[in-house]
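Down below is the structure, laid out as structure tokens.
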Amino acid sequence: MTNHSSHSNGMQSLRTEHLYKVLVIGDLGVGKTSIIRRYVHQTYSTNYRATIGVDFALKVLNWDSETVRLQLWDIAGQERFGNMTRVYYREAMGAFIVFDVTRPTTFEAVIKWKEDLDSKLMLTNGQSIATVLLANKCDQGKELINNSIKMNQFCKDHGFLGWFETTISTSVKRQTSWSSTSWPQRMTF
């Protein structure tokens, strides 16, 4: 965290800056890269190549006297099976685990992703990092998430802060749920 002072008309204002590393993980093809690109660059494309290893993006949010820099780590879907996740996860303060609502196996895999995350990364106080579940491609099917009570209970049972429906498709008039500025405030970093 960095404090910056600026002087304007004899008045001093204090600007606080925060940098947070946030992981975006989940199975191959669930839309992690698409979500990040939509959120950071407001772009959408159907032509993405699978991420190899890890990719990075930076989103800067300005709230009143605070600047929050989110360093988003897009981790390849197959990485859970390798030894590199411990290196990629290091020093992260939050995570999104993404699944594709049209592919039930990706929902089943979120528990394994959460277990992998919790086994390799803890906060200094010994607690798990703040983790949110993202149900992606909700414009293509909702059978998997049509019961919000069950989804809320699933999150509670498995240590997620909560869940959001997301879509990045231009055919839907909304962006990802996490494009609002309220979601980082819900995560206790």
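The values are calculated or read from the model by the stated rules, or taken from the named source; none is laboratory data. All values reported here derive from a predicted model rather than from experimental measurement. Cβ atoms come from the backbone with ideal geometry, glycine included; neighbour counts cover every protein chain shown.
General remarks:
- Annotation: of all residues in the stretch 105-123 being buried (at least 17 other Cβ atoms within 10 Å of the Cβ) and of a type in the set (Val, Ile, Thr), the one that is farthest from residue 94 (Cα to Cα) is 106.
- Those residues of the stretch 124-155 which are surrounded by 13 or more Cβ atoms within 10 Å (Cβ to Cβ) and free of Cβ contacts under 8 Å to residues at least 24 places away in the same chain, in sequence order: 151, 152, 154, 155
- Given (1) more than 30 Å from residue 17 (Cβ to Cβ); (2) touching a Cys at 6+ places or on another chain (Cβ under 7 Å), index of the condition residue 102 fails: (2)
- Selection of the stretch 46-61 for residues being at pLDDT 80 or above and either among the charged types (D, E, K, R) or surrounded by fewer than 10 Cβ atoms within 10 Å (Cβ to Cβ) (or both) yields 55, 59.
- For the condition under 12 Å from the mean Cα position of the chain (by Cα) and of a type outside the set (Val, Ile, Thr), residue 77 does not qualify.
- Count of residues meeting criterion [at pLDDT 85 or above, farther than 21 Å from residue 123 by Cβ and either within 18 Å of the chain's Cα centre (by Cα) or not basic (Lys, Arg) (or both)] in the stretch 135-162: 8
- Residue satisfying condition, being over 23 Å from residue 161 (Cα atoms) and either surrounded by 17 or more Cβ atoms within 10 Å (Cβ to Cβ) or acidic (Asp, Glu) (or both), within set 27, 74, 64: 64
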